[in-house]
Each structure stands twice: as structure tokens, then as C-alpha cells.
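Novice: Below are the C-alpha cells for one structure; questions will follow.
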Amino acid sequence: MPCRSARWVWAGRIVFALVVAGLVVYLAVVGLDRADKLASSIGVVVALLALGAPYLLPSPGSEPDRAEDTGNARASAGGLATTGTQTADGNRPAQVTRTGDATADGPGSVANSGIQRGPRR
């Protein structure tokens, strides 16, 4: 989550005002015709970068969910115990290493010491 303190908000406002002022000065100095040509060229480059970005940058969900050296878990009377990892997204990578013991007692109890995929119960 980005920092939104009053100091950062005012810093952003000042930077924005400086950018707008600089743009007005630039347009006044070089003229609209030259500025239009430059903006078109920059627009082409930015569009090409936007098209290539998904292939060049790592995706935010590429790191697997991890669980290592987990402790013991015990479920009873219809409970759920998971010592590994539990995720609702079946397409996301997950890695579990050296999980603890999971024990289920009673009807409807579920114990898992690895990966449980699907909606939470």
C-alpha cells in the first residue's frame, strides 16, 4: 500500500505543479508544431513499451506460496487442520517443505500436511 501521509501528498502536488509549469514553458519556447511531433514520437515509444512490458517484466504472482518447518496441527469434531499451505487459487504455484504432523479425529475432520487447494471450509 502506498504511503499517503500529508507530507507525501503535498510533495506529489508540488511535483505535479512543476511538471505542468515546465510543460507550459516548453510549449511556449519550441512552439506547438515541434511539440506535437515530439509528443507523437514519445507516444509511439511508450505504446511499444506498454505492449512489451508483460513479456519483459516478471508477473507479480510468479513467486509460490511457501510453507516450511510447520508445527503439529490437530482437528477434531469436524474441524480442519493444515500444517502446509491452503490456497483458494488452484493455478498459483505453492511449495511446502518439512511440514509437521496433521491429525484428524472425529467425523468430518480433515487433516492436511501438504497443499490444500480450493475454497476454505
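Since every read-out is calculated from the coordinates, none of them should be taken as a lab result. What you see is a predicted model, and the numbers here were worked out from it, not measured in a lab.
Novice: Which angle between 0 and 90 degrees, to the nearest 10, do you get for helix 32-56 versus the longest principal axis of the chain when only C-alpha atoms count?
Specialist: 20
Novice: While we're looking at this one, here's another question. Looking at the stretch 6-56, what % of the alpha carbon pairs are farther apart than 16 Å? Before the final figure, lay out each step's value.
Specialist: Working: 778 of 1275 pairs.
In whole percent, the share of Cα-Cα pairs in the stretch 6-56 beyond 16 Å is 61.
Novice: With no solvent and one point on each alpha carbon, what is the Debye value of log10 I(q)/I(0) for the chain at q = 0.17 Å⁻¹?
Specialist: Listed by q, the Debye log ratios stand at -0.97.
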